[in-house]
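The values are calculated or read from the model by the stated rules, or taken from the named source; none is laboratory data. Please read these numbers as outputs of a predicted model, since none were measured by experiment. Cβ atoms come from the backbone with ideal geometry, glycine included; neighbour counts cover every protein chain shown. In case anyone asks, the SASA skips ligands and DNA or RNA and just uses the protein heavy atoms, side chains included. Shrake-Rupley method; radii C 1.70, N 1.55, O 1.52, S 1.80 Å.
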Amino acid sequence: MNEGKKLLRDLSRGVNVEKNLPRYTEVFVDTCFHEALLKLTFSAYLLYEQREDGAGEGVWDLPDEARWYRETDSLLRHLIEQADKPFCAEVYEELAEQAKKLRGQIKAVMEVYTTYADRLICFDHVLDRMRFCYEEEDEQRRQMNDVNEVQFVNHVMQFLFEPDDSAVRAERMQKVIREIPVFMTKNKLFSHIAQTLSAYVGGDQTSLERYLYILRSVAMLNQPDESVISENQSRAWSEKLFQTDFSALDEAGFLEMKARMEQEADQLSQVTDLYVQLQEIVNEIYALCLLRRYTENQTELYTDCMDVLRDVTESRFQDEKLEKLEGKIEYYVETASYLDSLLPEIEKWNPDGAGNGGRGLELPVFSMISDLLSDSLFIDLEKGDDTEIVDEAMVNEAVGQLTDQLSQLFGTLAKGVKRTVMSMILAELPPIFQNAEECVTYVRTNVFGCQNMAERKAVVSSLAHLMAEEELFDLEWSDSDDLLV
């Protein structure tokens, strides 16, 4: 049996606690050390090889991106240098502080680009609704009259409710709601928001704050500190989107705007991909340096990994060295998952912090290491207090702040953009209908009740495309525009 799994079983049952807690610390440290080491090796190999191959179309030469790459490269080189020197705990503590600072800086930059991505998603949705605006209205009306409304709505219901997996159903519902035009008052939306947030009364504050962040993101309300990036193309384009009168675009202007949007999305994707890779490396270095508080480990695997890392920083890529490491990481990832799952519960067995090497079983540090090695690369390591319970006053304050901000935002947006923001918000809230019959009514009314034929055609086409992607229908659904002829 995997030792992590055995420790999990025994500690969860309170078996041999005095013996197993120190052993848990040892296994956690050894497992996470090698997990971080292997992840760092593969992450760095991929990043440096991509840079050597010229992948990214110039993203490496952008001022900010070049700076953060150099900072990450310098941190990695300092870590590698320690492999050839006598072990010094103070050096690793210093490196940990450097990694912590760099991680925070990259996170702040990524928050800005995430905000830009939210805006691109919203405004791209606005443009998508306009894609048939330059056709003859009579022809659009004829095409829409040819669509069998009952059959189409039935297909949508099948798409929504056929899956047995509730998570899949929820994801599909979210996609459909996002596509359907919104015809409701601002106050009705705010009432639905208030009702949704009221469900958090009695829960923990962190969960409420995470949900509010999601709502603020899709509504383009987040305002990160943009001074952490230089004036650049993405920043200028993001600002231009708010200033554009989309309803005044002629066909040439629309096509130009759509092409530019695709260009900006591609550029933003390349930039954010780079920051994801940099953050992976920084997180793994940070975790390794924290783990050096508990181990001076110099295993053969450590030597092999340092050898690969030393090579890649000098632009030497030897696949045979990397192949020696393949297949090793799975054991450490699996074991770490068992050990991580016990962290929230283990404190009751360890009230005095008895543990390894006199340092004790430092749960906050172990929890931080677990977060650093998780898939949530930009997770806030300074967690809020999960024990603080949300009360009605707290929810009312949150509702008031959010709806006030939305009211101000809606007052600055054109009608089409405002409706798009409302649909994005609705997609993150529980459905406003209570049963399948109400869902049918909502879809039929909001789709086929739309009097703008160009918008109705765009919505029908988008929904048909969603359903065709799941290959749930006959060949005639393989092209969403087949519905329109």
Pairing a residue in the range 272-297 that is touching a residue at least 40 places away in the same chain (Cβ under 8 Å) and assigned to a loop (DSSP other than H, G, I, E, B) with any residue that is among the β-branched types (Val, Ile, Thr) and open to solvent by 10 Å² or more (accessible area, probe 1.4 Å), where Cβ atoms lie under 8 Å and the two sit 6 or more apart in sequence or on different chains, gives 293/365
For the range 424-441, does any single residue satisfy the condition of being of a type in the set (Ser, Thr, Tyr) and in contact (Cβ under 8 Å) with a residue 12 or more places away in the chain?
-> no
Enumerated helices (runs of 4 or more DSSP H) restricted to the range 391-472, each holding at least 1 residues that are touching a Cys at 6+ places or on another chain (Cβ under 8 Å) | 415-428, 453-469
Does residue 246 satisfy being closer than 25 Å to residue 126 by Cβ, surrounded by fewer than 17 Cβ atoms within 10 Å (Cβ to Cβ) and either touching a strand residue (DSSP E or B) at 6+ places or on another chain (Cβ under 8 Å) or touching a residue at least 60 places away in the same chain (Cβ under 8 Å) (or both)?
-> no
Would you list the helices (runs of 4 or more DSSP H) that sit entirely within the range 134-236 and hold 1 or more residues that are at pLDDT below 95 and farther than 30 Å from residue 106 by Cα?
-> 137-145, 149-161, 166-179, 186-198
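If the requirement is being charged (D, E, K, R), within 26 Å of residue 113 (Cβ to Cβ) and in contact with a helix residue (DSSP H, G or I) (Cβ under 9 Å, 6 or more places away or on another chain), which of these qualifies: 296, 280?
On inspection, the qualifying residue turns out to be 280.
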Only one of (1) under 24 Å from the mean Cα position of the chain (by Cα); (2) touching a residue at least 40 places away in the same chain (Cβ under 8 Å); (3) farther than 30 Å from residue 76 by Cα is not met by residue 236, so which one is it?
-> (2)
Listed residues 135, 162; which is closer than 26 Å to residue 454 by Cα, open to solvent by 60 Å² or more (accessible area, probe 1.4 Å) and out of contact with any strand residue (DSSP E or B) (no Cβ under 9 Å at 6 or more places or on another chain)?
-> 135
In the range 72-86, what residues are of a type in the set (Asp, Glu) and surrounded by fewer than 16 Cβ atoms within 10 Å (Cβ to Cβ)?
-> 81, 84
For the range 299-312, name all the residues that are in a helix (DSSP H, G or I), touching a helix residue (DSSP H, G or I) at 6+ places or on another chain (Cβ under 9 Å) and exposed (fewer than 14 other Cβ atoms within 10 Å of the Cβ).
-> 303
Just wondering, is there one or more residues in the range 285-292 that are closer than 30 Å to residue 370 by Cα and open to solvent by 30 Å² or more (accessible area, probe 1.4 Å)?
-> no
Checked against (1) of a type in the set (A, V, I, L, M, F, W, C); (2) in contact (Cβ under 8 Å) with a residue 40 or more places away in the chain; (3) under 25 Å from residue 418 (Cα atoms); (4) open to solvent by 40 Å² or more (accessible area, probe 1.4 Å), residue 201 satisfies every condition except (3)
Hey, residue 158 of a type in the set (S, T, N, Q) and touching a residue at least 24 places away in the same chain (Cβ under 8 Å) or not = yes
Could you say whether any residue in the range 467-476 is modelled with pLDDT under 95, in contact with a helix residue (DSSP H, G or I) (Cβ under 6 Å, 6 or more places away or on another chain), open to solvent by less than 20 Å² (accessible area, probe 1.4 Å) and of a type outside the set (D, E, K, R)?
-> yes
For residues in the range 366-410 being hydroxyl-bearing (Ser, Thr, Tyr) and over 19 Å from the mean Cα position of the chain (by Cα), which is modelled with the lowest pLDDT?
-> 387
Condition test on residue 214, is it crowded, with 17+ Cβ neighbours inside 10 Å and touching a residue at least 60 places away in the same chain (Cβ under 8 Å)?
-> no
Using beta carbons and a limit of 9 Å, which pairs, at least six apart or on different chains, have the first residue in the range 20-31 and within 17 Å of residue 364 (Cα to Cα) and in contact (Cβ under 8 Å) with a residue 60 or more places away in the chain and the second one of a type in the set (Asp, Glu) and crowded, with 19+ Cβ neighbours inside 10 Å?
-> 28/340
Positions within the range 13-58 being at pLDDT below 75, in contact with a helix residue (DSSP H, G or I) (Cβ under 7 Å, 6 or more places away or on another chain) and open to solvent by 50 Å² or more (accessible area, probe 1.4 Å), in sequence order | 16, 57
